[in-house]
Structure formats: C-alpha cells, structure tokens
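Below: one structure, written as structure tokens.
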Amino acid sequence: MLPARRALISVFDKRGLTHLARGLTRLGVELVSTGGTLKFLREEGIPAVSVADVTGFPEILEGRVKTLHPRIHAGILARRSRAGHAAEIAEHGITPIDLVVVNLYPFRETAASGAPPEEVIERIDVGGPAMLRAAAKNFEGVGVVVDPADYPEVLAALEAGGGVLPEAMRRRLAAKAFHHTHAYDAAIAEWLTLTDAAAPGTPGTLEPFPAHLGLRLERELTPRYGENPHQAAAVYRTAAGDGVLGGFNQLGGKELSWNNLLDADAARKMAGLFAEPAVVIVKHNNPCGVGRGGDLAEAYGRALATDPVSAFGGIVAVNRPADLAFAEAMADLFVEVLVAPGFDDEALSRLAAKKALRLLECPVYAPGAADVELRSVDGGFLAQTADALPDDPAAWTSPTRRAPTPEERRALELAWAVARYVKSNAIVLANADQTVGIGAGQMSRVDSCRLAVEKAVLPTAGTAAASDAFFPFRDGLDALAAAGVTAVVQPGGSKRDPEVVAAADEHGIAMLMTGTRHFRH
C-alpha cells in the first residue's frame, strides 16, 4: 500500500468525523465526498472535493446515483501491485482512492420505527455497499472504515506509518466491512420477507420460520471455558436485541462462566413469572427452591427451605431490586450469581463484599410470543417459538368429584408455574408460597413423583403437585397420594385420563387440567 493520497468519505453516522477528516487533511490526503457529508465537512471548514467534480457527472435520481461511476470504482479497485492497472487508470485520468470511509443508511432502525414503506425503501443503500465491497476486496492497497469507533486507531496508524495502514489492520477492517454489508443485506431481506407480496412494501404476516433464517450475533464475552475446562467457549448477543439476559450489567464478583450464564438465564426467566416478590434458586439449570412472600427476605427464606443442601453454590434470581434485608438474609449462603433488576446502595455494599459473588443487574424477564429458540443438533439447528403462552387458571377444568380449595388452587398455580422451567419429566410439590419437592429429568413420570417426595425437606402432607405432562398411568398419582398430596394440576390428554381421575377420586385428591403441556428438554 502506498501512502494515502485520496480518501472517499460518505457517511450517515457522522460521529468523530471532524477529528478524522482534519487528521487526514494534515497528512496531505485529499478528501472526496458526497451530498450531506460534503456539506458537513465544508461547514466544519474542512476542504473537500465533491464526487460530481471527480466523475464529471452530477448526482441524479434524487441522489440514487452518485458514486456508481468508473472514476470512483476503478480508483478503488485498481491493484497497486499491477503495472497494467496503474497504466490503465492513468490513461483514463483516474486518481487512485486509497481510503474509503463509509457507513450505511440506518435501514433496520427505519424499518423498525414504523416508517412508511417508501421511506424504508429509500434507506436501501446501493452505492455505499458497492464502495465498501470494492475497498474490502482490494484491501491489499486500500483501507476501508465502517465504524466511527475505529477512527482514532486508523488515524493514529496512518500518522505512525507515514500514511500507510499496516496490512493486518487493512485485512481486519476489510472483514469488518463485509460483516457490515452482510448484516445490512440481511436486514433488507428480512424486511422484504415480512411484507405482503400482493402489495409490495406493506407489512404482511409475520413468518417465524422463513426459508432463510439470518442470525446477527456479536461476541459479548469469552469465558475461560465452556461446560468443562477442555471446551472452548464464547458468549454472543443478538445484534438487534437488548443483549444477553436482557442486557445485563455486572456490578461485582468474578468472571462469569458458561454454566453461570445458563443457570442465570433459567433463574431469571422463572422469577419473572411471579407478580409478588419472588426468589428462585437454580442448580444445574433446574430450580432447587422457589419462594414468594411479602418481601424478598421472606421469599428467600421459603425458597431456601425447599432444599438448603442443593442451594449451596447455586444461582439466585429475584424479581424486585435487592434490599438490605434480603442481602442480610442470604449472607450465610455461598451463591455463585445473584440476578436482580436493581440493588439499593446498602444491599450492593453488603453483597459486593462477597468477592466470589457475581452480581448481575438486568431487567425482569418478560417473554415474547414471537421469540424463537434455537438448539443445535449435528448438522443443523432446531427452531421453535418460545414457551411463552400465558397461563389462564380460570380456564382450567376440574374432572374430579372434589374441586381444589382456594388455598390448594394458589399452591397449584405456583407449582404449575415452576414446572414450566423444570427438566422433563417434571413433578413439583408446593404449598401456597413455596416449593416443597422437585423431581426433574427422570425417564419415567412415576420416578419423578418418587424423587420429588424423596427430595422434600418440608412436610409433603397437604401439598399440591404439578406435572408438566399427563400421567400415562395411575402409579404416579398413587405415589403422590401416599405422600399426602391433596391436589394435582396436569395437562390431561392421556387415553388413561379416566383411570387417573378415578385414582384421584379414590384418594380424595382435587385435580385441575390445563390443556397445555410444558415439556422442557
């Protein structure tokens, strides 16, 4: 790469542009620019030549055509190492362009704003991506910059290198340019996919599973390893979303691990199910205690009482800002991560003193029905909409002779909410304000019933139970009845439902059927 002599600048995002342009001018680089960028530079007192002066052709079609010209693209694409290229552009009076600084119209933001289709269409940049691709292709002799955050580094490198960018930097910037145009094109394709073919440009029916599913992921952090020390790992956020865990802010504690984030996600989602102050303790992606109460301290005591042994080294999530009373209540428990929508000053001071405790501030989880979940399998991915169907307890039916009491119904609703986030086969025992026993991940439902009873530390007599799917046989219900369970909620739908309902009536158990299954694999 020869020292930069000419730079083409055409940007929508003008952050940092003044400093960059003045620095380039000091280095003796001629600036060529278009439309709004040219106007901006001249208003800043920075000399610049218009693209029209370079091409000898005015901007036409309301600015749709301005840089699409051989004097621009040949200047970018000519290979500096080829004598024939140099001779050819010299023959046509074309000056090489050594630096291309371009960022594109904010298409995704415009489309998301609800702007009319004609305005969105005009945000489809043509000349910009063409220049970026040309410059990135010819990175051996041309620098390309798409991100204002890179301006200081680029300018410093030019100043240090006598107007020449290091080869490694040019290659890295070229890759970034192609990522930029790829994301831009994906946003346009997505918008066109979600428009009505019968009336182009008008919003149509949302297709959750289009023929081509584009993912825009940006690396957020790199844990030391994955699930195990021999596995490399990274954490990515969706570029158009709020961020991992809704956009978390780590306020204290050690570096987050892969397993920390998986468990924090499960705990946060579960805590978001409750309107009252709630505390969820998760271990290995399953809840080991859930409690609710008048405040977080009371809810924590109830959650911990479910299984205080398993709670050691767990992940805790709450659905209210953490206060001092809560911080003091959990002072004696070793916790890996605490997830909360906020921390008051006293609580933060107390909790931050526990150096091993990772404190994550992030919003309370609110599921979206349009959210899509991906799971990797060999050679591909499984995609499904999130299990975000809201519960409607008023619509649940009771097939048994006895209907649940108000106290039992409250316990059933809690158990059912928790069962949604327990690995299948899932059985959850609960009283009105806390879980009592949790049976997770067993190969048979009756074994999950037995495990939930065996794991219980609190009394099981008088508790309610939730089953994430129907009982295929009456044996599971018999096991719960033997433990003193008095009410059960389940989806129903088995061909043996009459047998299971008859067993419930034999034991005097009240049953509700939801009609909805909540498998979690």
About its Cα centre, the chain carries a charge dipole, from +1 on Lys and Arg Cβ atoms and -1 on Asp and Glu Cβ atoms, whose size in debye to the nearest 20 is 1320
For the chain, the charge dipole (Cβ of Lys, Arg +1; Cβ of Asp, Glu -1; about the Cα centre) points to a positive end, and the Cα of Gly492, Ala130, Thr400 closest to that extreme belongs to Ala130
Note, region 238-255: 3J(HN,Hα) by Karplus (6.51, -1.76, 1.60, θ = phi - 60°), whole Hz, Gly/Pro = x, goes 6, 4, 8, x, 7, x, 4, 6, x, x, 8, 10, 7, 9, x, x, 6, 4
Computed on Cα atoms, the radius of gyration and Dmax of region 402-516 in angstrom are 12.0, 34
accessible surface per residue for region 1-133, probe 1.4 Å, DNA/RNA/ligands not counted, whole Å² -> 50
Options (i) 19, 37, 27, 14, 2; (ii) 16, 36, 24, 16, 7, 0; (iii) 20, 48, 26, 5, 0 for P(r) over Cα pairs in 20 Å bins from 0, in percent; the value derived from the coordinates is listed as (i)
Given pairs Lys269/Lys495; Lys354/Lys455; Lys14/Lys254; Lys66/Lys176 and cut-off 27 Å on Cα-Cα distance, the over-length ones are Lys269/Lys495; Lys354/Lys455; Lys14/Lys254
Per the 1/(1 + (r/R0)^6) rule, R0 = 22 Å and r from the Cβ atoms of Ala352 and Ala239, FRET efficiency to 0.05 is 0.10
Share of accessible surface on carbon and sulfur in region 116-168, whole %, 1.4 Å probe and ligands ignored, is 60
Expected field for Arg71, accessible surface area in Å² at 1.4 Å probe radius, rounded to 10, holds 80
Note to self: C-alpha centroids of region 450-495 and region 252-303 sit apart, in Å, by 24
Per the C-alpha gyration tensor (a ≥ b ≥ c, the square roots of its eigenvalues), region 33-128 is rounded if a/c is under 1.5, else prolate if a/b beats b/c, else oblate; here it's prolate
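Going by a ≥ b ≥ c, the root eigenvalues of the Cα gyration tensor, does region 252-375 fall in the rounded group (a/c under 1.5), the prolate group (a/b larger than b/c) or the oblate group?
The shape class here is rounded.
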Dipole check, the chain, charges on Cβ (K,R +1; D,E -1), about Cα centroid: among Ala322, Pro390, Thr193 the Cα furthest to the positive pole belongs to Thr193
Rounded to whole angstrom, the alpha-carbon centroid of region 10-86 lies from that of region 96-163 at a distance of 12
Expected field for Glu153, accessible surface area in Å² at 1.4 Å probe radius, rounded to 10, holds 80
Full extension between Glu276 and Ala87 adds, at 0.36 nm per residue less the Cα distance, a length in nm of 60.4 nm
Share of accessible surface on carbon and sulfur in region 11-84, whole %, 1.4 Å probe and ligands ignored, is 56
With all protein chains present, region 232-325 has a carbon and sulfur share of its accessible area (1.4 Å probe) in percent of 54
Per residue, accessible area of region 277-351 with a 1.4 Å probe, heavy atoms of protein chains only, in Å², comes to 35
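The values are calculated or read from the model by the stated rules, or taken from the named source; none is laboratory data. Given the structure is predicted, the values throughout are model-derived calculations rather than measurements. Virtual Cβ from ideal backbone geometry, glycine too; neighbours counted across all protein chains shown. Only protein heavy atoms, including side chains, enter the accessible area calculation; ligands, DNA and RNA are left aside. Shrake-Rupley method; radii C 1.70, N 1.55, O 1.52, S 1.80 Å.
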